[in-house]
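A.B. asks: Got a structure here, written out as C-alpha cells. Questions coming.
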Amino acid sequence: MRGLELLTPSNSAEVRSRPGLAELSVQINEKWPSLRPPLELEWTETPLVSLDRTGVPWVIAPIERDPLRGSKGRTVIPRRQRARLKQIAELGVPFERLAIAHELNPDGPVRHLLPELKTGPLILNGDEVARALVGAVPENPRVARAVQALGVLVCGAVPDRVWTALLDPIIFGIIAPTPPVHRQLCLWYPLAAWRW
C-alpha cells in the first residue's frame, strides 16, 4: 500500500514515554493478524497538511471532516474498498476513530505551503482550506477512463487530468489505550487505499 511512509512519527517526549502502544499493537495483532501493521502517529481533531518522508504532501483529517465528500455529504469510496471496509468491520476490531489521508498534487494549491511544510505539519484553518487543497471529488473512474480514451482517439492527446488518476487516499482505523484526543499518540491501521 503506497503512502505508508505518511507523516514522520513524532519525536516528542510524550511519544517516547508511551510503551503501552507497543503492547496494544501486539494484542491487536494476536487477535486480528490480517490487519496491516500500524503507524504510531498523533491523532488530530482538525485537518492538517504534512509531507511524508518522500516529500509528498498529504491532507489528513478525521473521516467525519473528510474534505473530499460527495454530494450526499459522505466520503466517496470505490466499491472494492467499501467491500474491504465491510469485511474489516465484521471482524469487530475496536477502532475508536477513522481518519483519511489524501495525497496532494505538489504543483497544485499546496505548492505555496511546501517550504513551510519542511519544518513540520500545519493545522489547517478550517475545512474549506482542506477542501481547496484536496480539490473536487474525482469523476467515476470508469467514466474518467472512457473520457480519457475518447480524448486520445479524437484529439490524439491525453486530457490534463492525468495527475488526478495518480492520487491516493488512505483510510485509517485508529486505536489507542484511551479514546483518542488531539495530539495523543495512537495506532493508525491502514484499512483501505485506492487510486483515482
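The values are calculated or read from the model by the stated rules, or taken from the named source; none is laboratory data. Please read these numbers as outputs of a predicted model, since none were measured by experiment. Here the Cβ is made from the backbone with ideal geometry for all residues, glycine too, and neighbour counts use every protein chain on show.
A.B. asks: Which of the numbered conditions does Pro62 fail, given that it passes all the others? Conditions: (1) free of Cβ contacts under 8 Å to residues at least 60 places away in the same chain; (2) out of contact with any Pro (no Cβ under 9 Å at 6 or more places or on another chain).
C.D. replies: It fails just one condition, (2).
A.B. asks: Still on this structure: Applying the selection to segment 70-100, what residues are in contact (Cβ under 8 Å) with a residue 24 or more places away in the chain, out of contact with any helix residue (DSSP H, G or I) (no Cβ under 8 Å at 6 or more places or on another chain) and within 22 Å of Leu39 (Cβ to Cβ)?
C.D. replies: Once the filter is applied, which keeps residues that are in contact (Cβ under 8 Å) with a residue 24 or more places away in the chain, out of contact with any helix residue (DSSP H, G or I) (no Cβ under 8 Å at 6 or more places or on another chain) and within 22 Å of Leu39 (Cβ to Cβ), segment 70-100 yields Gln81, Arg84, Leu85, Ile88, Leu91, Pro94, Phe95, Glu96.
A.B. asks: Somewhere in segment 178-195, is a residue surrounded by 15 or more Cβ atoms within 10 Å (Cβ to Cβ) and either hydroxyl-bearing (Ser, Thr, Tyr) or modelled with pLDDT under 90 (or both)?
C.D. replies: Yes; the residues of segment 178-195 include at least one that is surrounded by 15 or more Cβ atoms within 10 Å (Cβ to Cβ) and either hydroxyl-bearing (Ser, Thr, Tyr) or modelled with pLDDT under 90 (or both).
A.B. asks: Can I ask one more? Any residue at all in segment 87-99 that's in a loop (DSSP other than H, G, I, E, B), under 14 Å from Asp168 (Cα atoms) and in contact with a strand residue (DSSP E or B) (Cβ under 6 Å, 6 or more places away or on another chain)?
C.D. replies: Looking through segment 87-99, none of the residues is in a loop (DSSP other than H, G, I, E, B), under 14 Å from Asp168 (Cα atoms) and in contact with a strand residue (DSSP E or B) (Cβ under 6 Å, 6 or more places away or on another chain).
A.B. asks: Can you pull out the residues in segment 62-94 that are among the aliphatic types (A, V, I, L, M) and more than 16 Å from Val137 (Cα to Cα)?
C.D. replies: If the condition is that a residue be among the aliphatic types (A, V, I, L, M) and more than 16 Å from Val137 (Cα to Cα), then Ala83, Leu85, Ile88, Ala89, Leu91, Val93 are the ones that fit.
A.B. asks: Please identify the pairs in which a residue from segment 108-120 that is under 21 Å from Leu41 (Cα atoms) and free of Cβ contacts under 8 Å to residues at least 12 places away in the same chain has its Cβ atom under 7 Å from the Cβ atom of a residue that is surrounded by 12 or more Cβ atoms within 10 Å (Cβ to Cβ) and not charged (D, E, K, R), counting only partners at least 6 apart or on another chain.
C.D. replies: Listed by first residue and then by second, the contacts come to Glu116/Leu122.
A.B. asks: Ok, one more. Just give me the residues in segment 111-132 being touching a strand residue (DSSP E or B) at 6+ places or on another chain (Cβ under 9 Å) and among the hydrophobic types (A, V, I, L, M, F, W, C), in sequence order.
C.D. replies: Leu113, Leu114, Leu117, Leu122, Ile123, Leu124, Val129, Ala130
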